[in-house]
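The values are calculated or read from the model by the stated rules, or taken from the named source; none is laboratory data. These numbers were taken from a predicted model, which means no experiment stands behind them. Glycine also receives a Cβ, built like all others from the backbone with ideal geometry; neighbour counts cover every protein chain displayed.
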Amino acid sequence: MGTTDVLRARAEVEAEIKDKTLIDWFRDAADDSGEAPALSDRVGDTWRTLTWRQYRSAVLKTAAAYVEIGVAPGDVVALMLPNRAEHLLADLGAVHAGAVPLTVYATLAPEQIAYIAADCSAKVAVLDGTDQLACWEPILDRLPHLHTLVLRDPDAVPPEGRIAGRRVLGWARFQEMGRRRHDTGDPEVARRMEAVTPGDDATLLYTSGTTGEPKGVHETHHQVLYQVTVAQRATNLPRHGVTLSYLPLAHIAERVLSVYMPIKVRGHVHFCPDHDQLGAYLGLVRPDGLFGVPRVWEKLQARLSTALAAAPAHRRAAIEDAAEVARAHVMAGQYGHEPAPALAERYARVDAQVLRPIRGLIGLDRATYYASAAAPMPEEVLRFFAGLGITIRDIYGMTENCGAVSANRADAYRFGSVGRPLDGIEVRVAEDGEIQVRGPVNTTGYHGLPRASAALFDADGWLHTGDIGRIDADGFLYVVDRKKELIITAGGENIAPAAIENLLKEHRLIGQALAYGDRRPYPVALLTLDPDVAPAWAREAGVDTTDLAELARHPAVLAEVGEAVARANRRLARVQQVKRWRLLPVEWTAQSEELTPSLKLKRRVVQARYAREIEELYRS
């Protein structure tokens, strides 16, 4: 797409969302689809559902509750709740009160929560229950701006209604306060809604930078509306479509799909509060589409493979024959090609007779859209699902882009690529291979970090992604490597390795550390001893050698290093914790080329040199 076409598409989208905010979209959804189902939570063997009219009414009362407890326009409200209706009510209630919702990952360690909540001066925290309160209570003395905690679980509220001088409210009482204020006709919420502009923040999300320090990313109403509009064009999600929300709402992709997109398409969101139950919920919901990071698809593949392996031999043979037809059909449908009529006819037949029932085993018999992002999809996983008539389409983007900037579409996909740019978004590859993005989805900057914000963009407004890529002759983007030092696990979690390494190196025995986990299910670590400290430590501990290679194998040293890893893990989120490690019998130096002259770690050198050791950590 040429520059003229890109600008024309951008102008069309801008005209569609001109002067609009999420508040306007939400009002329109309740007005024209008021009786349609909006949110459903599983309660026992049934679903508890709010219609769009009920949803908006509850959001307005929640906004009134925020006003009642002293939340001012622009204040940040921190949320730590599972995927359930109350999470969205608390989120959009804050938006309607002129505040800024911030969802915090439930897996973060208290120290990490304290950093984020202090950095944005969060005034209120809405938490699920006892487990979440246990993470927040030890850090309250570091959060002078936080004045109120709201707990969804009434049993978690202390009898005195206060903790460390902060007011603590149960969700039911909080809602009752809002209902009373709303029912009196108080005009404050309406005034605040009217004052919200497209340039105001719809949310604040924290993402790890390469230094390991979290950065707050501003996402405005304008960014969100633009992102949703172009994403809906690319995916063609149906009006009143059925979706399943199960990924953390601290992730921009899940927010777009479960909070914002349903407002545009008047969708029906079902909540899965525990992603480990995804398989069961897929069968209950049978959604119109599924977005999952590679690890999700790998787990679904394992589940299906087990079921298919138990089928009789003649049935397995029929399934494999059908799968070969499906793979051929999917491959023939890539951009620039079209399946031959005979192949299309054969596929339609085996799909109806064999493949659709198999997709039904995992609740995907009604789905028409399948997508993945955050990490490259393994080829064998793509091939497996293609054999079931499921074309998983990769997309690409960042929190700093409010989600996606490119996507494979049903009528324009190419395996190995992350698709072509979405409408009105410019993507280019710089001379050094870096992928750069320009368009209305780009963030306005990092919270409280003017230098980092300035470094994110060049003088012409191109956002530097830190990823290395290429663009083919048909405009499909390929992500080749990462310029930035960031791990993306097989589960799609973004992890700054420096955050792990710095904690490991706090122990005086550990001289250097490399955290690894890219495209893997969990992080592992390679460690070396400090050549100056280790011999002295050995003498103090009564160890009968001071040779580094021998110390790296000594039981006393290994036990001490194991304790150091355990201490570091206690200060890390679960997804960051080191599951396995190895202490190497060598020293890393600039002379041996594991370090730069300024003693910075050369990751690629270490990863290449110790590839076998890393691989063994995942096999042991």
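Residues that are charged (D, E, K, R) and surrounded by 18 or more Cβ atoms within 10 Å (Cβ to Cβ) were ranked within the stretch 583-608; the one that is modelled with the lowest pLDDT is 594.
Give the stretch 438-462 a look and list any residue that's in contact (Cβ under 8 Å) with a residue 60 or more places away in the chain and closer than 21 Å to residue 2 by Cβ, or say none. Walk me through how you get there before you give the answer.
Residues of the stretch 438-462 in contact (Cβ under 8 Å) with a residue 60 or more places away in the chain: 439-449, 452.
Passing the criteria: 439, 440, 441, 442.
One residue is enough: does the stretch 107-125 have a residue meeting the conditions among the basic types (Lys, Arg), modelled with pLDDT of 95 or more and crowded, with 21+ Cβ neighbours inside 10 Å? Yes, the stretch 107-125 contains a residue that is among the basic types (Lys, Arg), modelled with pLDDT of 95 or more and crowded, with 21+ Cβ neighbours inside 10 Å.
Being among the polar types (S, T, N, Q), out of contact with any helix residue (DSSP H, G or I) (no Cβ under 8 Å at 6 or more places or on another chain), part of a helix (DSSP H, G or I) and in contact (Cβ under 8 Å) with a residue 24 or more places away in the chain is a description that applies to residue 223.
Would you mind finding the one in 513, 552, 568 that is in contact (Cβ under 8 Å) with a residue 24 or more places away in the chain, within 28 Å of residue 109 (Cβ to Cβ) and of a type in the set (Gly, Ala, Ser)? Even if it seems obvious, please write down each step before you answer.
Working: 513 fails: in contact (Cβ under 8 Å) with a residue 24 or more places away in the chain; 552 fails: within 28 Å of residue 109 (Cβ to Cβ).
Being in contact (Cβ under 8 Å) with a residue 24 or more places away in the chain, within 28 Å of residue 109 (Cβ to Cβ) and of a type in the set (Gly, Ala, Ser) holds for just one of 513, 552, 568, which is 568.
Over 28 Å from residue 417 (Cα atoms) and among the basic types (Lys, Arg): is that true of residue 315 in this structure? So residue 315 fits the description; yes. Mind checking whether some residue in the stretch 466-481 is assigned to a loop (DSSP other than H, G, I, E, B), surrounded by fewer than 21 Cβ atoms within 10 Å (Cβ to Cβ), free of Cβ contacts under 8 Å to residues at least 12 places away in the same chain and not assigned by TED's automatic domain parsing to the domain that holds residue 561? So far as the stretch 466-481 goes, yes, one or more of its residues are assigned to a loop (DSSP other than H, G, I, E, B), surrounded by fewer than 21 Cβ atoms within 10 Å (Cβ to Cβ), free of Cβ contacts under 8 Å to residues at least 12 places away in the same chain and not assigned by TED's automatic domain parsing to the domain that holds residue 561.
Yes or no: residue 568 out of contact with any Ser or Thr (no Cβ under 9 Å at 6 or more places or on another chain), buried (at least 20 other Cβ atoms within 10 Å of the Cβ) and in a strand (DSSP E or B)?
no
Beta carbons closer than 9 Å, at least 6 apart along the sequence or on distinct chains, pair a first residue in the stretch 415-432 that is more than 25 Å from residue 382 (Cα to Cα) and modelled with pLDDT of 95 or more with a second that is hydroxyl-bearing (Ser, Thr, Tyr) and surrounded by fewer than 19 Cβ atoms within 10 Å (Cβ to Cβ) for 426/3.
Are there helices (runs of 4 or more DSSP H) fully within the stretch 62-145 with at least 1 residues that are hydroxyl-bearing (Ser, Thr, Tyr)? List them. Quick ask: steps written out before the conclusion?
On the way: elements: 85-96, 110-119, 130-136.
Once the helices (runs of 4 or more DSSP H) in the stretch 62-145 are filtered for at least 1 residues that are hydroxyl-bearing (Ser, Thr, Tyr), what remains is 110-119, 130-136.
Among what's in the stretch 148-172 and is touching a residue at least 40 places away in the same chain (Cβ under 8 Å) and crowded, with 17+ Cβ neighbours inside 10 Å, pick the residue that is nearest to residue 119 (Cα to Cα). The extreme case among them is 148.
Here the condition is being closer than 27 Å to residue 248 by Cβ and either at pLDDT 95 or above or in the same structural domain as residue 84 (by TED's automatic domain parsing) (or both); of 202, 190, it holds for 202 alone. Got at least one residue in the stretch 40-59 being of a type in the set (A, V, I, L, M, F, W, C), outside any strand (DSSP E or B), closer than 23 Å to residue 201 by Cα and within 22 Å of the chain's Cα centre (by Cα)? Checked the stretch 40-59: no residue is of a type in the set (A, V, I, L, M, F, W, C), outside any strand (DSSP E or B), closer than 23 Å to residue 201 by Cα and within 22 Å of the chain's Cα centre (by Cα).
Here is a list: 588, 581. Which entry is in contact (Cβ under 8 Å) with a residue 40 or more places away in the chain, of a type in the set (Phe, Trp, Tyr) and out of contact with any Asp or Glu (no Cβ under 9 Å at 6 or more places or on another chain)? If you could, list the steps in order and put the result at the bottom.
On the way: 588 fails: out of contact with any Asp or Glu (no Cβ under 9 Å at 6 or more places or on another chain).
Exactly one residue qualifies, and that residue is 581.
Filtering the stretch 426-474 to residues that are among the small types (Gly, Ala, Ser) and more than 20 Å from the chain's Cα centre (by Cα) leaves 430, 433, 439, 448, 452, 453, 454, 455, 459, 461, 469, 473.
When you go through 190, 202, 234, 195 one by one, which is the residue that is out of contact with any His (no Cβ under 7 Å at 6 or more places or on another chain) and crowded, with 21+ Cβ neighbours inside 10 Å?
On the way: 190 fails: crowded, with 21+ Cβ neighbours inside 10 Å; 202 fails: out of contact with any His (no Cβ under 7 Å at 6 or more places or on another chain); 195 fails: crowded, with 21+ Cβ neighbours inside 10 Å.
Only one candidate qualifies: 234.
Whether a residue is among the aromatic types (Phe, Trp, Tyr), surrounded by 15 or more Cβ atoms within 10 Å (Cβ to Cβ) and touching a residue at least 60 places away in the same chain (Cβ under 8 Å) was assessed, and residue 347 does not pass this test.
Kindly indicate whether residue 477 is closer than 25 Å to residue 298 by Cα and modelled with pLDDT of 95 or more. When the stated conditions are applied, residue 477 passes them. Taking residue 178 as meeting all but one of (1) part of a helix (DSSP H, G or I); (2) under 27 Å from residue 571 (Cα atoms); (3) not hydroxyl-bearing (Ser, Thr, Tyr), write down the number of the exception. Condition (2) is where residue 178 drops out.
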